[in-house]
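*Asks:* Quick one: this structure, given as structure tokens, is what I'll be asking you about.
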Amino acid sequence: EGADEPRLISASPRWFALGLLVLVILGIAMRIAFAIVWQDGKPLAGDPMVFQQIAAYLAHGHGYVTPFLGKGKPAATALHPPMFPVVLAVLDVFGLQSANAHRIALAFIASGGIVAMGFLGRRLMSPATGLLAAGIAAFSPVWVQPSGKVLSESVYLVVIPLMLLAALRCIERPSRLR
């Protein structure tokens, strides 16, 4: 390596890790700011309200139930995907039961999507592409708003890139189990 040859900063694992850490911290701050500034105190309605109701029933041992159209006796339901109410129920069990507590906790959970997108971009192209993908996940309204609105997308924006990373591993290293 000669003194005149430029060193590619984007190839450095340290540089990637530091950049990703900064983007995750900023992404969490963006999500919390959105939750506090634009959503603080707003009552949940529609799907977010149903998710929170199902979570409360789960946390209290009543199962995956909800009152039909918000009224009457709770009945078993399959109208909404189960993963998100389970996440909210876990938060409920740990004492984070209000809409605002869910919003803040989801800001941290949803930041996993920033990390996953960073690693996905790095795996597919380069560390610089990984940071670009993580930056989009950190700041794009499509990625920021779901946690503040208590929407299931806040969890799925973590799960989907992780599934893509798992699929890439299966393709790159096939085995009997994969």
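The values are calculated or read from the model by the stated rules, or taken from the named source; none is laboratory data. Small disclaimer: the values here were computed from a predicted structure and weren't measured. Using ideal geometry, Cβ is built from the backbone for each residue, glycine included, and neighbour counts are taken over all protein chains shown. Each accessible area value is taken on the protein alone, full model and side chains, heavy atoms only, with ligands, DNA and RNA left out. Shrake-Rupley method; radii C 1.70, N 1.55, O 1.52, S 1.80 Å.
*Asks:* Would you mind working out the accessible area per residue for the chain, using a 1.4 Å probe, and quoting it in Å²?
*Replies:* 59
*Asks:* List the relative contact order of the chain as a percent without decimals, with contacts defined as Cα pairs under 8 Å and 6+ residues apart.
*Replies:* Relative contact order here is 27 percent.
*Asks:* Would you please give the FRET efficiency between TRP38 and ARG176, computed as 1/(1 + (r/R0)^6) with r the Cβ-Cβ distance and R0 = 45 Å, to the nearest 0.05?
*Replies:* 0.35
*Asks:* Right, here's the next one. Can you spot the lysines whose alpha carbon is less than 22 Å from LYS149's alpha carbon? Ignore those fewer than 8 places along the same chain.
*Replies:* Leaving aside lysines fewer than 8 places away in the same chain, those within reach of LYS149 are LYS42.
*Asks:* Quick one: compute the contact order of region 34-121, relative version, from alpha carbon pairs under 8 angstrom and 6+ residues apart, as a percent.
*Replies:* This gives 27 percent for region 34-121.
*Asks:* Taking a ≥ b ≥ c as the square roots of the eigenvalues of the Cα gyration tensor of region 80-134, is the shape rounded (a/c under 1.5), prolate (a/b larger than b/c) or oblate?
*Replies:* prolate
*Asks:* If you don't mind, there's one more thing I want to ask. Once you keep just the Cα pairs under 8 angstrom separated by 6 or more residues, what percentage relative contact order results for region 80-161?
*Replies:* 32
*Asks:* Compute the helix-to-body angle for 99-124: its Cα long axis versus the longest principal axis of the chain, expressed 0 to 90° and rounded to tens.
*Replies:* Computed tilt is about 30 degrees.
*Asks:* Rounded to the nearest Å, what's the spacing between the alpha carbon centres of region 104-144 and region 40-99? Just the number, please.
*Replies:* Taking the Cα centre of region 40-99 as reference, the centre of region 104-144 is 28 Å away.
*Asks:* Shifting gears a bit: Whole-Å semi-axes of the chain's equivalent ellipsoid, largest first, each the root of 5 times a Cα gyration tensor eigenvalue?
*Replies:* Each semi-axis is √(5λ); the values are 38, 20, 11 Å.
*Asks:* How far is helix 153-172 tilted, in degrees, relative to the longest principal axis of the Cα atoms in the chain, given as a value from 0 to 90 rounded to the nearest 10?
*Replies:* In the chain, helix 153-172 runs at an angle near 40 degrees to the longest axis.
*Asks:* How far is helix 83-93 tilted, in degrees, relative to the longest principal axis of the Cα atoms in the chain, given as a value from 0 to 90 rounded to the nearest 10?
*Replies:* The angle comes out near 70 degrees.
*Asks:* Checking the a/c ratio against 1.5 first, then a/b against b/c, what shape does the Cα gyration tensor give for region 10-63?
*Replies:* Oblate, since a/c reaches 1.5 and b/c is not below a/b.
*Asks:* Under the classification rounded if a/c is under 1.5, otherwise prolate if a/b is larger than b/c and oblate if not, where does region 128-178 fall, given a ≥ b ≥ c as square roots of the Cα gyration tensor eigenvalues?
*Replies:* Judged from the Cα gyration tensor, region 128-178 comes out oblate (a/c at least 1.5, b/c at or above a/b).
*Asks:* Distance in nm between label sites at LEU168 and THR129, each 7 Å beyond Cα in the beta-carbon direction?
*Replies:* 0.8
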